[in-house]
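The values are calculated or read from the model by the stated rules, or taken from the named source; none is laboratory data. Here the structure is a predicted model, which means the values were calculated and not measured. Don't worry about glycine lacking a Cβ; one is built from the backbone with ideal geometry, like all the others, and counts go over all protein chains shown.
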Amino acid sequence: MLHIFQRSIEKFRNRLVWVYTTYFSQEERAGLDLRLDPRSYWYEPEVYICLMAVSLVGAVLTAIICGRSADYSNGLIRHIKAADAKRRARALSAAPFSSPSC
């Protein structure tokens, strides 16, 4: 994912260089103070560090939320089973049993 992101940045920079070199003269480019030198693959490690930090925070929050929802689901299932057991117990105690007469 980071490689795709980096490639899109490089494509954008190449297009920007093309526009600057095509449409601006040497004097205008000097006045704009543009740095058009090529950069290495890891030219801005801060971007990668921030993306990894955001991903880590997202993973931690997801783990916390999924853990809580699992606890909630388990508690809900226990509550439903207990209510079902109570309902069955009441139904059994309230219904008279008739023994078949022979």
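Annotations
- In region 1-45, the qualifying residues are those that are acidic (Asp, Glu) and at negative phi, and the one that is modelled with the lowest pLDDT is Asp37.
- Of all residues in region 15-30 being surrounded by 12 or more Cβ atoms within 10 Å (Cβ to Cβ) and not hydroxyl-bearing (Ser, Thr, Tyr), the one that is farthest from Val47 (Cα to Cα): Phe24
- First in region 1-20 and without any contact (Cβ under 8 Å) to a residue 40 or more places away in the chain, second anywhere and surrounded by 12 or more Cβ atoms within 10 Å (Cβ to Cβ) and assigned to a helix (DSSP H, G or I), Cβ under 7 Å, 6 or more apart: Tyr20/Arg29
- Restricting Ala59, Ala70 to those that are surrounded by 10 or more Cβ atoms within 10 Å (Cβ to Cβ) and either modelled with pLDDT of 75 or more or basic (Lys, Arg) (or both) reduces the list to Ala59.
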